[in-house]
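To start, the structure itself, in structure tokens.
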Amino acid sequence: MARAPVGHAGGVSDDDSGSGYVTEGAEYTRDSTYISDRITADGSGGWPVEPGRYRLIAARACPWANRTIIVRRLLGLEPVLSMGLCGPTHDERSWTFDLDPGGRDPVLGYERLQEAYFARFPGYDRGITVPAVVDVPTRAVATNDFAQITLDFSTEWTAHHREGAPDLYPEKLRDEMDEVMQRIYTEVNNGVYRCGFAGSQQAYDKAYGRLFTALDWLEERLTGQRYLMGDTITEADVRLFTTLARFDAVYHGHFKTNRQKLTEFRALWAYARDLFQTPGFGDTTDFPQIKEHYYVVHEDINPTQIIPDGPDTSGWLTPHGREQLGGSPFGDGTPPGPVAGGEEVPADHGPGGVPHR
């Protein structure tokens, strides 16, 4: 059966993390084959945890990469794991370092993330995806397995967590968390893409129904508890947040997920604002970059590449009232300190900010 690619062999996928394809006239399917190496405390995953050895390459525009930025900040890994940021747009070859002086990452010296993949696998023919963790001495990609990267930040980098860091993957909750996160991934994180890249009306209708069934389930779950797993934030909340942050700005119109806006869900909208106002979440969210990425890169969906001016994002800072449910984001721990110097989201890129043109 013919497959229409979403993305390009050896280049960047249009779905941010991993190439995808649309079976002719039918559903979008994400290619979820990644470099499965892990960075572990004992090195058994192929790479040992070593302060200063690795560089996280991310992009604020990408929801999958945004997860790693949030978790790195929540756990306080900035002193031991540097970060490079790609710009919000890319071509068919690769994400690029166009935000840096001279268009080169200051640590790796690369213009394109593709170079780090080729340093490890010459002629690499899969998607050049963010996030990726690069081994600085060899300037070669170590892993791009976005789902595992953040879990390993929580479980393998513990010797380097800041004092008061939250336990984002509590052992006693892992069985239930894994089920919740799997449903969020298939039905929500990936569900919006299934709507946006549907190859037929039937495929779109099915995807749309699945997405809003899951959002209704989350609305009910979050009506009676402050966070997805109870009284404190976990990795599950991080994974849901990055989709919610993009919902009204992009997915509602661009991906046709328009039964209702996030702001029209009572519990989900309050929950999203609660997280946004928690250090580590809103201070890593760049609305102009998010919109520029989707509306410019997805030429098949938006051939004019016009970036909409709306929606008004100032509502993200309004009171959420979730304190009445009890709990606290960091439990017995503490919030992270100020954003590391040079990693701040520009003030005019936050709530109510005006996109740069």
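The values are calculated or read from the model by the stated rules, or taken from the named source; none is laboratory data. Note that the coordinates shown come from a computational prediction; the quantities given were computed from them, not determined experimentally. Please note: Cβ atoms are built from the backbone with ideal geometry, for glycine as well, and neighbour counts cover all protein chains shown. What goes into the accessible areas is simple: the full protein's heavy atoms, side chains included, and nothing from ligands, DNA or RNA. Shrake-Rupley method; radii C 1.70, N 1.55, O 1.52, S 1.80 Å.
Pick from G224, G282, G87 the residue whose mean-square fluctuation is largest in a GNM of the chain, springs joining Cα atoms under 10 Å.
So, out of G224, G282, G87, the one fluctuating most is G224.
What is the magnitude of the charge dipole of the stretch 167-248 about its Cα centre, with +1 placed on the Cβ of each Lys and Arg, -1 on the Cβ of each Asp and Glu, and no other charges, expressed in debye to the nearest 20?
340
Rounded to the nearest 20 debye, what is the charge dipole size of the stretch 226-303 about its Cα centre when +1 sits on each Lys and Arg Cβ and -1 on each Asp and Glu Cβ?
340
Sorted by accessible area with a 1.4 angstrom probe, largest first, how do E187, E163 fall?
Sorted descending by solvent-accessible area, the residues read E163, E187.
Over the stretch 230-316, with the other protein chains present, what is the accessible area per residue in square angstrom, probe 1.4 angstrom?
With all protein chains present, the stretch 230-316 gives 31 Å² per residue.
Among N189, N144, N302, which one shows the biggest mean-square fluctuation in a GNM of the chain, springs joining Cα atoms closer than 10 Å?
Ranking N189, N144, N302 by mean-square fluctuation puts N302 first.
Going toward the positive end of the dipole of the chain, with +1 on Lys and Arg Cβ and -1 on Asp and Glu Cβ, which of L151, Y271, V297 do you reach last?
So the residue furthest toward the plus end is V297.
Does the stretch 277-357 come out rounded, prolate or oblate by the C-alpha gyration tensor, with a ≥ b ≥ c the root eigenvalues, rounded set by a/c under 1.5 and, if not, prolate when a/b is larger than b/c and oblate if not?
prolate
Would you work out the charge dipole size for the chain about its Cα centre, treating the Cβ of every Lys and Arg as +1 and the Cβ of every Asp and Glu as -1, and quote it to the nearest 20 debye?
300
By DSSP, what percent of the beta bridges with both residues in the chain are antiparallel, rounded to the nearest 5?
70
Once the whole set of protein chains is in place, how much accessible area is left on L240, using a 1.4 Å probe, in Å² to the nearest 10?
For L240, solvent-accessible area is about 0 Å².
Number of Lys pairs in the chain with C-alpha atoms less than 21 angstrom apart, excluding same-chain neighbours closer than eight positions?
Close lysine pairs under the 21 Å cut-off: 4.
Pull out a ≥ b ≥ c, the square roots of the eigenvalues of the alpha-carbon gyration tensor of the stretch 204-357, then state rounded if a/c is under 1.5, prolate if not and a/b is larger than b/c, and oblate in the remaining case.
The shape class here is oblate.
Suppose R0 equals 30 Å; then what is the FRET efficiency for D300 and E344 from their Cβ-Cβ distance, rounded to the nearest 0.05?
My answer for the efficiency is 0.35.
Using a Gaussian network model of the chain whose springs link C-alpha atoms within less than 10 Å, name the residue from T242, T263, T304 with the highest mean-square fluctuation.
Its mean-square fluctuation being the largest, the pick is T304.
Please go through the stretch 211-263 and write out the trypsin sites (Lys or Arg not before Pro) that DSSP classes as loop and that have at most 14 other C-beta atoms within 10 Å.
Hits after loop and neighbour filter: R259.
On the protein heavy atoms, probe 1.4 angstrom, tell me the percent of accessible surface of the chain carried by carbon and sulfur.
49
Note down the net charge around D152, summing +1 for each Lys or Arg and -1 for each Asp or Glu among other residues with Cβ under 10 Å from its Cβ.
Every neighbour counted, the sum reads -1.
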